[in-house]
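The values are calculated or read from the model by the stated rules, or taken from the named source; none is laboratory data. Only a predicted model underlies this, so the values are computations on that prediction, with no experimental measurement involved. Glycine also receives a Cβ, built like all others from the backbone with ideal geometry; neighbour counts cover every protein chain displayed.
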Amino acid sequence: MATRTPIARQTRRAAPVTPIAGCLFLTVCLLLGGCDRGTSGRGSSPPDRASPASTTAVGARPLDPRAGASRGSGECRLPPLRQQIAQLLLVGFPGTALTAANRWVVEQGVGGLVLFSRNISSTGQVRSLLRHLQASAAIPLEIAVDEEPGRIARLAGLVAAAPPARQLGRLSPARIFRYGLQIGHDLAALGVTTDLAPVLDITNAAPNSVIGDRSFGGDPISVSRTAIAFMLGLTQGGVTTVGKHFPGHGESVVDSHRALPVVDVTTSRLEAWDLAPYKAAIKDGLPAVMVGHLLIRQLDPQRPASLSPMVVQSLLRERLSFGGLVVSDALEMDAIAQSWPLATAAELAIEAGVDQVIVWRDYQQIPQVIDRLENAVRGGRLSLDRVREAFLHVQQFKRQHAWDNCARIAAPGR
């Protein structure tokens, strides 16, 4: 195979097909009359929106092609530390068209961008914006969006609509798969690479429940069956998926955008109930998990799940044997921001085992976050191995293969 440089655009590969996924896929193919197997240096202050971009940033120029080695060469050449750190950020950005401000965000070398309503006006506009932003990136960007069935749908009107997850949960897996397939296809056509879905929380959908009808059901079996069908549809449609909000909002009535929810459940209940959909989804190829801002007293009475090594490392990585990407929920949410500044929270999250942190609003603080993480490594608070592991998980999730040798070399030592 020819040598690939770090900035080469990679062809997306389908996720591995498990027996459950294979049966569902075959069922849908029969129903639809056939399936197409193809899938469609330092940061500076952000420039004024009216001024031209003229900043020097970690991602402003293409990476040295020698920074990554071909998969067959047996070599491992990682980018400089600061570039690795920048790739751990998934960031919100301003504007509906290419501007000095949003180009500055990309030039910081961030791993990806998140679309919000402030970035969306029409199909052609979104497609053009994402195309221009990708062209500004040294390493291809992950482009993420919250496009759930129902009320949390940032691209409503631009992609296929679906009823709330709770209503979808009453349908057959084959029909749910078709909803996911169409949404995934529409997202991919716009240039979106990742849907921050499905929701794997189990809830009774009571009016005062935070998750409510975003949940596919009220018990582990129904949520596992239906959420996985939606996940597989999205995947076949051409986008990667992120299950959320680990280890489960459950019946919490506190919104983590406003305060820190405290979940008092026994470990046996958590194991048998809230974790069941994650176990099933991981078995069927879930590539990423978003950890919620929840305080699970029985697991860690001090830190929210998103900042807790007990939750991320001991529970998700070790007990559930999850080897994919771990993402934090947005760090500016009050559940975190009331106790930790943004850069401090980012350091604690990465230290806990999170690979990618979401900064959805305060994009001007990107250089400060990168500085904090870089100083944490150089000061011995954060291990270089942890940053390297997180960087490789991000690249594997984005299907950037220039550093595959590094992942193979690292694996035996884990």
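Annotations for the structure displayed:
- Hits in segment 341-362 (condition: farther than 21 Å from LEU315 by Cβ, hydrophobic (A, V, I, L, M, F, W, C) and part of a loop (DSSP other than H, G, I, E, B)): TRP360
- Any hit, segment 149-159, residues being part of a loop (DSSP other than H, G, I, E, B) and surrounded by 24 or more Cβ atoms within 10 Å (Cβ to Cβ): yes
- Residue match in segment 193-211 (condition: among the aliphatic types (A, V, I, L, M), at pLDDT below 95 and out of contact with any Gly (no Cβ under 8 Å at 6 or more places or on another chain)): yes
- Filter pass, ARG225 being surrounded by fewer than 18 Cβ atoms within 10 Å (Cβ to Cβ) and either in contact with an Asp or Glu (Cβ under 9 Å, 6 or more places away or on another chain) or not acidic (Asp, Glu) (or both): no
- Some residue of segment 312-323 being in contact with a strand residue (DSSP E or B) (Cβ under 7 Å, 6 or more places away or on another chain), part of a helix (DSSP H, G or I), modelled with pLDDT of 95 or more and closer than 23 Å to ALA86 by Cβ: yes
- Where a residue in segment 182-198 is at positive phi and its partner, wherever it lies, is of a type in the set (A, V, I, L, M, F, W, C), with Cβ under 8 Å and at least six apart: GLY191/VAL126; GLY191/LEU130; GLY191/ILE143
- Hey, PRO163 in contact with a Gly (Cβ under 9 Å, 6 or more places away or on another chain) and either at pLDDT below 95 or surrounded by 18 or more Cβ atoms within 10 Å (Cβ to Cβ) (or both) or not: no
- Taking the numbered list (1) within 22 Å of GLN338 (Cβ to Cβ); (2) touching a Ser or Thr at 6+ places or on another chain (Cβ under 7 Å); (3) at pLDDT 95 or above in turn, PRO261 passes all entries but (3).
- Residue pairs meeting the criteria (Cβ under 8 Å; at least 6 apart or on separate chains; first assigned to a helix (DSSP H, G or I), in segment 259-276; second of a type in the set (S, T, N, Q)): THR267/GLN298; LEU270/GLN298; ALA276/SER224
- Residue match in segment 26-35 (condition: polar (S, T, N, Q) and either in contact with a Gly (Cβ under 9 Å, 6 or more places away or on another chain) or at pLDDT 95 or above (or both)): no
- Neighbours by Cβ (under 8 Å, 6+ apart or cross-chain): first from segment 159-172, farther than 9 Å from PHE216 by Cβ; second among the acidic types (Asp, Glu) and modelled with pLDDT of 95 or more: VAL159/GLU147; VAL159/ASP186; ALA160/ASP186
- Matching option when the condition is among the hydrophobic types (A, V, I, L, M, F, W, C), crowded, with 16+ Cβ neighbours inside 10 Å, over 18 Å from the mean Cα position of the chain (by Cα) and assigned to a loop (DSSP other than H, G, I, E, B), among ALA402, ALA407, ALA376, ALA335: ALA402
- Residues that are of a type in the set (Val, Ile, Thr) and more than 16 Å from SER306 (Cα to Cα), drawn from segment 213-253: ILE221, VAL223, THR226, ILE228, THR235, VAL239, THR240, THR241, VAL253
- Each residue in segment 284-306 was checked for being crowded, with 16+ Cβ neighbours inside 10 Å and either basic (Lys, Arg) or out of contact with any strand residue (DSSP E or B) (no Cβ under 8 Å at 6 or more places or on another chain) (or both), and 5 pass.
- HIS245 being within 26 Å of GLU142 (Cβ to Cβ), of a type outside the set (A, V, I, L, M) and in a strand (DSSP E or B): yes
- SER222 being over 20 Å from GLN167 (Cβ atoms) and outside any strand (DSSP E or B): no
- Any hit, segment 206-213, residues being touching a helix residue (DSSP H, G or I) at 6+ places or on another chain (Cβ under 7 Å) and buried (at least 23 other Cβ atoms within 10 Å of the Cβ): no
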